[in-house]
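Shown next, in structure tokens, is the structure this report addresses.
The values are calculated or read from the model by the stated rules, or taken from the named source; none is laboratory data. What you see is a predicted model; the values in this text were computed from it and never measured. Cβ coordinates were reconstructed from backbone atoms using ideal geometry, including for glycine residues, and neighbour counts include every protein chain displayed. Just so you know, the surface numbers come from the protein's heavy atoms only, side chains and all, with ligands and any DNA or RNA stripped out. Shrake-Rupley method; radii C 1.70, N 1.55, O 1.52, S 1.80 Å.
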Amino acid sequence: MTKESKPDRLRQMGALNPKPERVRAPWFREAGFFDPLDLVQVKYEMLRHARKDGTNKADAAALFGLSRQTYYQAEAAFERDGMSGLLPRTRGPKSAHKLTGEVMRLVEEHLDANGQLQARSLADLVHARLGISVHPRSIERAVARKKKR
């Protein structure tokens, strides 16, 4: 059994800093506790440096190799959720947000008489009638979820 390295674990979590060489804070250059590869730690230290040491936000972001926009996003996430706000989050929608009641009624009306699902045709129909682009696989999943209930 091989032991995973810290960079491998950070990569799996989505917390590997893609540009560790841009971190210029002196305490990150010395081997030890501070790790420029750990994006969560870099963001936390950036916020701490601005708040506790009085550095302005733009300078703090530059010192840690991040943009001002990243600073403000990290600050808002930290104020909202604490340390867990700095952890990576999956991007994109968390649910089938396009499959509203109206869309599902249209899909259900046009299922084949024997209940067969022609997802591509249904996606085209939804786009033509409602102007909403829905992936055929999303329709398949929604119909399957509805059948389970």
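Looking only at residues in the stretch 102-135 that are modelled with pLDDT of 90 or more and part of a loop (DSSP other than H, G, I, E, B), which one is surrounded by the most Cβ atoms within 10 Å (Cβ to Cβ)?
Ranking the candidates gives VAL134 first.
Of the residues that sit in the stretch 80-101 and are touching a residue at least 12 places away in the same chain (Cβ under 8 Å) and surrounded by 12 or more Cβ atoms within 10 Å (Cβ to Cβ), which one is farthest from ASN17 (Cα to Cα)?
Among those that are touching a residue at least 12 places away in the same chain (Cβ under 8 Å) and surrounded by 12 or more Cβ atoms within 10 Å (Cβ to Cβ), it is LEU99.
Among the residues in the stretch 40-62, are any hydrophobic (A, V, I, L, M, F, W, C) and part of a loop (DSSP other than H, G, I, E, B)? Reasoning before the result, please.
In the first step, residues of the stretch 40-62 are kept if they are hydrophobic (A, V, I, L, M, F, W, C); the result is 40, 42, 46-47, 50, 58, 60-62.
Checking the rest, the ones that are also part of a loop (DSSP other than H, G, I, E, B) come to none.
No - not one qualifying residue is present in the stretch 40-62.
Could you check the stretch 63-79 and list, in sequence order, the residues that are assigned to a helix (DSSP H, G or I), touching a residue at least 24 places away in the same chain (Cβ under 8 Å) and either open to solvent by 70 Å² or more (accessible area, probe 1.4 Å) or among the aromatic types (Phe, Trp, Tyr) (or both)? Give the derivation first.
Initial filter on the stretch 63-79 (assigned to a helix (DSSP H, G or I)): 63, 68-79.
Keeping just the survivors that are touching a residue at least 24 places away in the same chain (Cβ under 8 Å) gives 63, 70-71, 74-75, 78.
TYR71, PHE78, listed by residue number.
When residues of the stretch 1-21 are filtered for being aliphatic (A, V, I, L, M) and open to solvent by 80 Å² or more (accessible area, probe 1.4 Å), how many remain? Lay out the reasoning, then the answer.
Going through the stretch 1-21, the residues aliphatic (A, V, I, L, M) turn out to be 1, 10, 13, 15-16.
When the remaining residues are screened for being open to solvent by 80 Å² or more (accessible area, probe 1.4 Å), the result is 1, 13.
Residues that pass the stated criteria total 2.
Could you check the stretch 28-47 and list, in sequence order, the residues that are over 20 Å from THR70 (Cα atoms) and not aliphatic (A, V, I, L, M)?
We begin by selecting, within the stretch 28-47, every residue over 20 Å from THR70 (Cα atoms); these are 29-33.
The answer is ARG29, GLU30, GLY32, PHE33.
Among the residues of the stretch 22-34, how many are closer than 21 Å to GLN73 by Cβ, under 25 Å from the mean Cα position of the chain (by Cα) and either crowded, with 18+ Cβ neighbours inside 10 Å or aromatic (Phe, Trp, Tyr) (or both)?
1
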